[in-house]
Amino acid sequence: MREVIIVGGGPAGAVCGERLARAGTGVAVTIVDDHLAWEKPCGGGVTQKAIRAYPFLLDGPYPKKIVREIELRAGPGPSAQLTLDQPIVVYSRRVLNGLLLERAERAGCRILRARVAAIDTNAPRPQITLADGAKLQGDFVVLAAGARNRLLPASAAPEPLTPLAPGDLEQTLGYYVPAESDVLKIKFVPGFPGYLWSFPRPDHLSVGICGKLDEISTATLRRHLEEYVDEERLPRDGATLFSHLLPSPRPATVRERPISGPGWAFAGDAAATVDSITGEGIYYALRSGELLGECLAAARPEEYPRRLRDDFGDELERAAQLAPRFYSENFLGAPVTTRTVEFARRSPTFRRLLAGLFSGTQDYRTLPHRLWAQLPLSLAEIGWRFLVE
């Protein structure tokens, strides 16, 4: 392997390129992206799990917001307040993508700003055609251009790959609002398969909504968003509207969709490496890029799917299984989301568990056991609060 081309300069592509370039194998790495560092519509929250794996995200000099307070609401009811022992770091995506690309370039990657028009993975060496007609060839191509990307490998087996279906996607709408806060806010709407958010960034708020693409119309998303902006009394003057599609994979997609083949591999959102409950994808993008970079440096790209599965694939499949229950089912006569906020408001034990989920230190595999083990104490705390309120 002499040359690798990475299509997409987000977290997955940048980290993949950096890891491969730093490995000292002599492989030439080109990262191609038509935007490079850009303001991707998302909250920009980096969990403690990501900070532990990539300490420069906390220690570096780049603008960021350290968040330790979370406010949860469900419908019109009172809110619950979480205090995080392990903070979340919130970045503007323009800043985050930029710092990761800088690290890749310092490691030796060539950064090329251009739009990719076509790929050919059936050629003896994979070939990339740019929008201006120029062609690039490499021994391997990494497809890390996001969930909307329709550049799919032709050499996938046993059947040709298709873009992610609407059932594996969620739509986001939101505003960049010229306001400041130190509190990260989440609001659930009963019966709604998604949530509203307000993420504080260094010089503005990212305020938005996400919902399953095949279940919620754009008009419904917009209505809930506008109501939320009014509830929060946020300024509209100077606010910039955004919209984007993100992965929200179903269990079968996590388990069965191919993420690599002869001469190619997906990474990040293109591989649907996103938590279907929270929508968190930054850590999984970083980690998928790192794993793929290590496999390419070792000249063993065929090991990438197994390593990804062993590392966090089971976790994402579990999230995909739990998501419909969390957003659509009832518990003790009320939506699960409503009960979640009520329990968090009244039970310190339950609040600590939720804080671990938000910070990324509590995984879904051990969550059911911990929930059942702590349930008697949580119910006792909730009962006591009912008596004293």
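What to note about this one:
- Options Thr361, Thr337, Thr349; residue that is open to solvent by less than 20 Å² (accessible area, probe 1.4 Å) and touching a strand residue (DSSP E or B) at 6+ places or on another chain (Cβ under 7 Å): Thr337
- Residue list for segment 1-26, filter: surrounded by fewer than 21 Cβ atoms within 10 Å (Cβ to Cβ) and of a type in the set (A, V, I, L, M): Met1, Ala23
- Some residue of segment 296-303 being at pLDDT below 95 and assigned to a helix (DSSP H, G or I): no
- Residue within segment 117-135 that is in contact with a Phe, Trp or Tyr (Cβ under 9 Å, 6 or more places away or on another chain), farther than 22 Å from Trp38 by Cβ, in a loop (DSSP other than H, G, I, E, B) and open to solvent by less than 20 Å² (accessible area, probe 1.4 Å) present: yes
- Flag if Arg113 is surrounded by fewer than 16 Cβ atoms within 10 Å (Cβ to Cβ) and in contact with a Pro (Cβ under 6 Å, 6 or more places away or on another chain): no
- Every pair of residues 6+ apart whose Cβ atoms lie under 7 Å, when the first sits in segment 20-44 and is of a type in the set (Gly, Ala, Ser) while the second is open to solvent by 20 Å² or more (accessible area, probe 1.4 Å) and assigned to a loop (DSSP other than H, G, I, E, B): Ala21/Gly108; Ala28/Arg2
- Within segment 202-217, considering residues that are in a loop (DSSP other than H, G, I, E, B) and either under 22 Å from Ala239 (Cα atoms) or among the charged types (D, E, K, R) (or both), the one least open to solvent (accessible area, probe 1.4 Å): His204
- Residue in segment 304-325 that is more than 30 Å from Ser260 (Cα to Cα) and either of a type in the set (Gly, Ala, Ser) or open to solvent by 30 Å² or more (accessible area, probe 1.4 Å) (or both) present: yes
- Residue match in segment 271-278 (condition: hydroxyl-bearing (Ser, Thr, Tyr), open to solvent by 20 Å² or more (accessible area, probe 1.4 Å) and in a loop (DSSP other than H, G, I, E, B)): yes
The values are calculated or read from the model by the stated rules, or taken from the named source; none is laboratory data. All values derive from a computational prediction rather than experimental measurement. Using ideal geometry, Cβ is built from the backbone for each residue, glycine included, and neighbour counts are taken over all protein chains shown. The area values use the complete protein model at the heavy-atom level, side chains included, leaving out ligands, DNA and RNA. Shrake-Rupley method; radii C 1.70, N 1.55, O 1.52, S 1.80 Å.
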